[in-house]
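The values are calculated or read from the model by the stated rules, or taken from the named source; none is laboratory data. Bear in mind the structure is a predicted one, so any value in this text is a computation, not a measurement. With ideal geometry, Cβ positions are generated from the backbone for all residues, glycine too; neighbour counts draw on all protein chains shown.
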Amino acid sequence: MPTDSFNEHSVVCDKTAFKYYRTPSRYLGACPAPPLFEPDPRYRRLRTAPLITEVLGLPLHVLTDDVKKRSHGETLRFHVIDPELRLGHTRETVHGFLLASPELMLFTLSRTLTFNQLVMAMYEMCGRFTLYEPTQRLEAELVMRNASELFDGWSRVVSESGKPTALWSRPPLVSLAELKNFASEIEGTRGARLFSRAVSCVSGMTASPLEAQLSMLLWMSPNLGGWGYRNIQNNCRIKLSKSAGLLTDMHSAEVDLRVLSPDGTQEWILECQGKAIHDRVGAGTRDALRATALQSMGLNVTMVTSSQIHDQDKFAVLLDMLSDKLGIPFPDKTGRQIIAENNLRADIFGDWLALSNEPTPAELKARRLNNRARREHGHAPKR
């Protein structure tokens, strides 16, 4: 048995833990426990275990407190971390091994993602959405078990044509408050400052990647690529008047983004109309009724599409409207800030699903240089 083997104290972290958290429990339940604790020369049985081949992939990222055990193997990859950081931040799994908590997982993930990608991962873990695409073999296994529609708190979003997408709705896995508390706990630890700055870039709980993209562009500072406007509220619940409630058959409505004026006396509601989560059968009608109900109460509502956020000229029109209606000052950006915005847009409008992919050596080197450029608060990325 190799010396860098798994044991009962090993904690799965980094990309492996991220993939585990992204996988709906119905798929995890279809995979038997892998032979992590059994004698397995050259990991022959481990490499063919369904949980590995269909969900987690290789290498498996594992925490260790022994510097001598640090490794970059093809099967197990050990990361050195202070054992005190693990206290209270591990979870048991149905597969018999320990899993880093979402906040500890994000901390270990910060070493292999760009700063913007780390913020994206935080939005996903704090949000009511995730990205997951099951393999054909795993999907067939669920069909055979008649468990495709198993109620486990996860719901797969389908397009208007009824085609399943990679987007899933599920309860948040960690709160923003828990991330902030963890950031305080790890103060002084290598990488803690970067993690804390990333947490400060999360505005709140979002329900889709589109809402997260819009929030990042508005909330993050200009030096990091956003517009630095912090007077916003994500998924804010508004009590409806009696007449407005008749339109929706609801007593309250949850709005995607509530933007307040600098003095807090005025507000504007932004409703995201993304293809992935809102453009499904019936959703358009419900969104329209909700908007009408809010407008009947004198509230201003603007529907925002993916193309309006993705296209910089169209997004500028949205900023001009908010500036005019709410008196929000959006100053002109410097050359460095424009570069930062281009980098931010490249990340958030890239393949969100690929966040859990293993980076190539070249990508890993570039990401480490990117994160090193963030060593000072507000520092723009090096060119």
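Can you tell me which residue within the stretch 168-227, out of those that are among the charged types (D, E, K, R) and in a loop (DSSP other than H, G, I, E, B), is nearest to the chain's Cα centre (by Cα)? Across the stretch 168-227, the extreme among qualifying residues is R170.
Out of the stretch 346-373, which residues are more than 13 Å from Q117 (Cβ to Cβ) and not hydrophobic (A, V, I, L, M, F, W, C)? Passing the criteria: E358, T360, P361, K365, R372.
Exactly one of these conditions fails for S155: (1) buried (at least 18 other Cβ atoms within 10 Å of the Cβ); (2) touching a Ser or Thr at 6+ places or on another chain (Cβ under 6 Å); (3) polar (S, T, N, Q). Give me its number. Looking at each condition in turn, S155 falls short on (1). Considered as a group, the residues in the stretch 9-53 that are part of a loop (DSSP other than H, G, I, E, B) and touching a Gly at 6+ places or on another chain (Cβ under 9 Å) include one that is nearest to M120 (Cα to Cα), and that residue is P24. Restricting the stretch 259-272 to residues that are aliphatic (A, V, I, L, M) and within 27 Å of R197 (Cα to Cα), the residue that is farthest from the chain's Cα centre (by Cα) is L260.
Just one of the numbered conditions (1) at pLDDT 95 or above; (2) assigned to a strand (DSSP E or B); (3) crowded, with 22+ Cβ neighbours inside 10 Å is not true of M120: (2). Taken over the stretch 81-92, the criterion of being under 24 Å from the mean Cα position of the chain (by Cα) and not in a loop (DSSP other than H, G, I, E, B) is satisfied by L85, R86, T90, R91, E92. Each residue in the stretch 231-249 was checked for being over 30 Å from P329 (Cβ atoms) and free of Cβ contacts under 8 Å to residues at least 40 places away in the same chain, and 4 of them qualify. Residues considered: H95, H72. Of these, the only one that is assigned to a loop (DSSP other than H, G, I, E, B) and surrounded by 19 or more Cβ atoms within 10 Å (Cβ to Cβ) is H95.
Conditions (1) over 25 Å from P102 (Cβ atoms); (2) crowded, with 16+ Cβ neighbours inside 10 Å, marked per residue:
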site	(1), (2)
G162	yes, no
P171	no, no
R190	no, no
A198	no, yes
V202	no, yes
G226	no, yes
H251	yes, no
L260	yes, yes
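Residues that are under 23 Å from N357 (Cβ atoms) and among the aromatic types (F, W, Y) were ranked within the stretch 14-43; the one that is surrounded by the most Cβ atoms within 10 Å (Cβ to Cβ) is F18.
Condition check ((1) modelled with pLDDT of 85 or more; (2) more than 29 Å from A198 (Cβ to Cβ); (3) of a type in the set (G, A, S); (4) surrounded by 14 or more Cβ atoms within 10 Å (Cβ to Cβ)) across all residues:
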residue: G298; (1), (2), (3), (4): yes, yes, yes, no
residue: G335; (1), (2), (3), (4): yes, no, yes, no
residue: I339; (1), (2), (3), (4): yes, no, no, yes
residue: K365; (1), (2), (3), (4): no, no, no, no
residue: R383; (1), (2), (3), (4): no, no, no, no
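Taken over the stretch 28-63, the criterion of being aromatic (F, W, Y) and in contact with a Phe, Trp or Tyr (Cβ under 8 Å, 6 or more places away or on another chain) is satisfied by F37 alone. A Cβ distance below 7 Å, combined with a sequence gap of six or more or placement on separate chains, defines the contacts here; from the stretch 342-354, residues that are farther than 18 Å from M220 by Cα reach residues that are at pLDDT 95 or above and loosely packed, with under 15 Cβ neighbours inside 10 Å in the pairs L353/E133. Cβ-Cβ contacts under 7 Å between residues 6 or more apart (or on different chains), taken from a first residue in the stretch 114-129 that is in contact (Cβ under 8 Å) with a residue 24 or more places away in the chain and within 15 Å of D14 (Cβ to Cβ) to a second residue that is of a type in the set (G, A, S) and surrounded by fewer than 24 Cβ atoms within 10 Å (Cβ to Cβ), are listed as L118/S110.
Screening R230 against (1) crowded, with 21+ Cβ neighbours inside 10 Å; (2) at pLDDT 95 or above leaves a single unmet condition, (1). The set of residues in the stretch 238-258 being more than 22 Å from the chain's Cα centre (by Cα), not in a helix (DSSP H, G or I) and not polar (S, T, N, Q) consists of I238, K239, L240, D249, M250, H251, A253.
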